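*Asks:* Please see the structure below; I have some questions.
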Amino acid sequence: MAQKNLFVSRLAEAFVKLKVMSDVEAESFVKEFEGRAKGRIDEFLLDEGIVDRVTLIKALQNVYGIPAYDVRGHFFNHQLVLLFPKDFLMNNSLIPLDVDDDILTIVVSNPEDDEMLEIVGNYVPYSINVIVGVYRDIIDAIEEYYDEDVVTADINEQETDIIEDDNEDADIVELE
């Protein structure tokens with residue numbers, strides 16, 4: 001519970017630094033949200049129009065002291081996303097963003113979850129680089145990439161490519 005209160009306090013401080021809230025408003029914000037889960041706070045702030053998405057992303061970057069990324073509209077590498085079970089990604093609100101050399105960059109809503117980061121390492125042989133993103137957007141991106149139609153279309157496209165390659169490579173000899 002103390003960690004959740006600490007997050008709310010740090011988020012309020014970030015909003016004050018960004019001049020979104022006054023000190024008095026920040027204090028009231030902390031009292032209002034004591035004990036609530038972070039994801040729900042994010043959603044409430046966006047749903048109620050208290051902050052916009054850009055401001056929330058900047059605040060999360062400030063809270064965690066790491067880069068932030070807006071996952072909306074990003075075309076994720078399907079094969080990279082499929083390295084992880086959907087339930088794992090959803091439960092931990094994380095999505096793999098990119099692999100560069102031996103470094104996997106993931107976007108997570110809670111980069112302070114050390115247990116989750118350790119489990120990510122069990123799925124892939126890469127070093128892990130963590131950046132923060134908005135919970136709702138990460139969940140939406142995961143759902144989009146695990147959408148049955150998208151997965152089926154990707155598989156069908158790969159099968160079609162294989163068949164076309166086989167047909168192009170085949171030497172047809174007619175026997176008389």
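Only the coordinates and a few stated rules stand behind these numbers; no lab work does. Predicted model, so just to flag it, every value in this text is computed and none were measured. Quick reminder, even Gly has a Cβ in these numbers, built from the backbone with ideal geometry, and neighbours come from all protein chains shown.
*Asks:* Quote to one decimal, in nm, the extra length available between residue 19 and residue 117 on full extension: 0.36 nm per residue of separation minus the C-alpha distance between them.
*Replies:* 32.0 nm
*Asks:* Taking 0.36 nm per intervening residue step and subtracting the Cα-Cα distance, what contour gain separates residue 129 from residue 52 on full extension?
*Replies:* 25.1 nm
*Asks:* If you don't mind, there's one more thing I want to ask. Would you calculate the separation in nanometres between label points at residue 74 and residue 86, each defined as 7 Å from the Cα along the Cα-to-beta-carbon direction?
*Replies:* My value for the distance between the label points is 2.1 nm.
*Asks:* Now for a different question. If N is the number of residues in segment 1-103, what value comes out of its Cα radius of gyration divided by 2.2 N^0.38 Å?
*Replies:* Taking the Cα Rg and dividing by 2.2 N^0.38 Å, one obtains 1.23.
*Asks:* Could you please rank 138, 41, placing first whichever residue has the fewest other Cβ atoms within 10 Å of its Cβ?
*Replies:* Ranking 138, 41 by Cβ neighbours within 10 Å, fewest first, gives 41, 138.
*Asks:* If amide hydrogens are placed 1.01 Å from N in the peptide plane, which non-local residues have theirs closer than 5 Å to the one on residue 129?
*Replies:* Residues meeting the criterion, in which the H sits 1.01 Å from N, are 104, 105, 106.
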